[in-house]
Each structure stands twice: as C-alpha cells, then as structure tokens.
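Values quoted throughout were computed directly from the atomic coordinates according to the rules given, and no laboratory measurement underlies them. Since this is a predicted model, take the numbers as computed values, not measurements. Glycine gets a Cβ as well: all are built from the backbone with ideal geometry, and neighbour counts include every protein chain shown.
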Amino acid sequence: MKTIIISIFAICLITGCTPPKEEIDIAKEEEAIKAVIENATAAWVARNLDGLTATSVTDETFIRLGASKTGFAYSVGWEDRASSAEEFFKNNPNPVAVKFENKNYNLKVYQESAWAAYEENWYDNQGEYLGMSINVRFLEKVDEKWKIAYISVVGTTSYEDDEENEDEDEDDD
C-alpha cells in the first residue's frame, strides 16, 4: 500500500498534478461583494467611520480616487483615508439626505480578489433624480470576507453630456 501511495505521489510530481481548486460560487460571491459595497455606502451616508473600516482593507495598500468637475480626492493607505473621512464627518456630521441606488454592475470574481464597476444614481428624499457617478471597486478577501481595497468615483453628472462633447469635437475638426 505504501508503494502505491508513493507511486501516485511521484506521478503527480512528475506530471505536475495539483489538487483541484475549490470551485467559486460566482453568484454567491457577487451577492457578497454587492453587500459590502452597499454597506460601505450606507456607512458613508450615516457618517459611520467604524462601518467604513469594517468594509475596507485597512493597510497601506488602500487607495481612493474621486473626480468631479469641482476637483478630485486622492488617498493612499487606510490611515490617510480614515483621517480624511473622520475630518469630513466632523465638518459634515449630519447623515446624507440622498438615497443611493447602485445598478448595472459589471463584476469579475477571482478566488481571493474581485473588481466591480457600476453606476451609482442619487435621489432626494422625494425620489427626484439628482445625478450619477461611475464607480469602480477592487476587493480582496481578508479572513474569508470581502473588503474594499480600491475605490474610484467619477461624478459623471458634473460634466457635460457626451453628446455635447461629441458635437464640440466635431466642430474642432
């Protein structure tokens, strides 16, 4: 019996056999990723730094990049992000009076990482549309839980419409 086990082990080494990887339940992982994104958004709305911390990679690899017509924000490392969020919450303590709806997700899930691109629409408390941003998140599994490692937000409604830009581009030719 010992000879058979050693022979199988030797054949595996020679042929490069590796144990099969655990199959990823893509639908389950996508729902978990969306839940983390929704929880991070809810934490931001509530001005809850603990909630942001719970949904984020909290080391020096964390990155946040935001851009709109009024400027941009860039943070590298969780300490920088937490510090800027804490200062912002201190200066803007009331929860955001805007409802967020994330839709049109494009997700790619790997064993220990994933990325998500999606639209985030904003509505006032009466349901009136206020604007939109395009968001990208890169997530990593930390202790078997999805955490956000990278955030990119582009406030698209703060720029001119694409059709207007295309018309201007044609005039330049």
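What's the extension gain from Y123 to N91 if we count 0.36 nm per residue and subtract their Cα-Cα distance?
Full extension of this stretch gives 9.3 nm more.
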Cα centroid separation - region 36-73 against region 88-134, whole Å: 11
Report the far tail of the P(r) of region 45-126, meaning the percent of Cα-Cα pairs longer than 15 Å. 71
Of Y105, Y129, N94, which is farthest on the positive side of the dipole of region 23-172, counting Cα position, with +1 on Lys and Arg Cβ, -1 on Asp and Glu Cβ, and the Cα centre as origin? N94
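Distance cut-off 26 Å, Cα to Cα: go down the list K28/K69; K28/K90; K103/K145; K28/K147; K69/K147 and report the pairs above it. Before the final figure, lay out each step's value.
On the way: K28/K69 37 Å; K28/K90 37 Å; K103/K145 22 Å; K28/K147 15 Å; K69/K147 29 Å.
Table pairs above 26 Å Cα-Cα are K28/K69; K28/K90; K69/K147.
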Compute the distance in nm between two label points, each set 7 Å from the Cα along the Cα-to-Cβ direction, one at Y110 and one at T53. 2.9
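Can you compute the charge dipole magnitude of region 23-172 about its Cα centre, using +1 on each Lys and Arg Cβ and -1 on each Asp and Glu Cβ, nothing else charged? Give it in debye, rounded to the nearest 20. Don't jump to the answer; show the numbers that get you there.
On the way: 14 positive and 34 negative charges, 249 e Å.
For region 23-172, the charge dipole is close to 1200 debye.
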Could you tell me, in Å, what Rg and Dmax come out for the Cα atoms of region 23-172? 16.6, 55
Estimated inter-spin distance, N39 and T70, nm [label 7 Å along Cα→Cβ]: 3.0
Please give the contour-minus-distance gain from E31 to K141: 0.36 nm per residue of separation, less the Cα-Cα distance, rounded to one decimal in nm. 38.2 nm
